[in-house]
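Have a look at the structure below before the remarks.
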């Protein structure tokens, strides 16, 4: 099964290949926001022969808001299937999950089952994803059926215990040996603080999915020792300065800053996914699937037992 990297903040209209095509159990996750004056948008699953197997089209500009589903074959549209329940709202973030079942496409919005659309053409022929219309998209990701993408869907409007919560665990794989499983927190308030409960030989792995507000100045993520108050790793994006500062604090004193990165991975008004991994000699930090920096240990990693997130950032999902 081909691996597919997440697509962050794509330009709309968007058209791109679906690596490996569709198979039963595969899921498409789209997080985005409907425009404040949005009239309609569309998500199309297109075949190699140019037919549209599944056309999903929320419309706000009809007399009654409606979601229209259809199939186009040989340039001709079939009979519309209309649902007069609108799960999307203008100027509001959403999470949409489309799961491929043997008999239908199953669509959930914000953790709630929304509709099913029976296959009119074989889903195995679908090769292309298209998104168009009055919306912005923060992240596109695929999961399930053996695919392990790097992007987790931000749970905008998530309902604890919903289908989306299960998807997170599928996306991030099984827990490490000796652990009962990672802790998952959806939509935490910022400032956020959590105890990192792990064994002495359990490697550190933290995933944070969030969004930088358009007027953001700075935020930080700290990995600390709760007893001493020492900060082993301080990650501090400074948006207005255009800097990504890293440092360590011991006994109340900061060490020397590290600032060099090839490109600043955080931007105001954009979503992100950050992964922090404890390696043999350093922390490895990835943002949006790309390696950004390594930070050599100044305090032993096994002393870290607390995480803090503070500042100008919205957090939709944390796993540790």
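The table that follows gives values for the structure above.
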| quantity | calculated |
| --- | --- |
| Set 95, 81, 72: member being touching a strand residue (DSSP E or B) at 6+ places or on another chain (Cβ under 9 Å) and more than 22 Å from residue 140 (Cβ to Cβ) | 81 |
| Residue in region 37-54 that is in a strand (DSSP E or B) and farther than 16 Å from residue 130 by Cα present | no |
| Residue count for region 237-270, restricted to those that are assigned to a strand (DSSP E or B), within 25 Å of residue 314 (Cα to Cα) and touching a residue at least 40 places away in the same chain (Cβ under 8 Å) | 3 |
| Residue match in region 45-57 (condition: buried (at least 18 other Cβ atoms within 10 Å of the Cβ) and farther than 21 Å from residue 122 by Cα) | no |
| Test: residue 244 is buried (at least 20 other Cβ atoms within 10 Å of the Cβ), at pLDDT 80 or above and farther than 22 Å from residue 142 by Cα | yes |
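The values are calculated or read from the model by the stated rules, or taken from the named source; none is laboratory data. No experiment lies behind these values; they were computed from the predicted model shown. In this analysis, Cβ positions are derived from the backbone assuming ideal geometry, glycine residues included, and neighbour counts consider all displayed protein chains.
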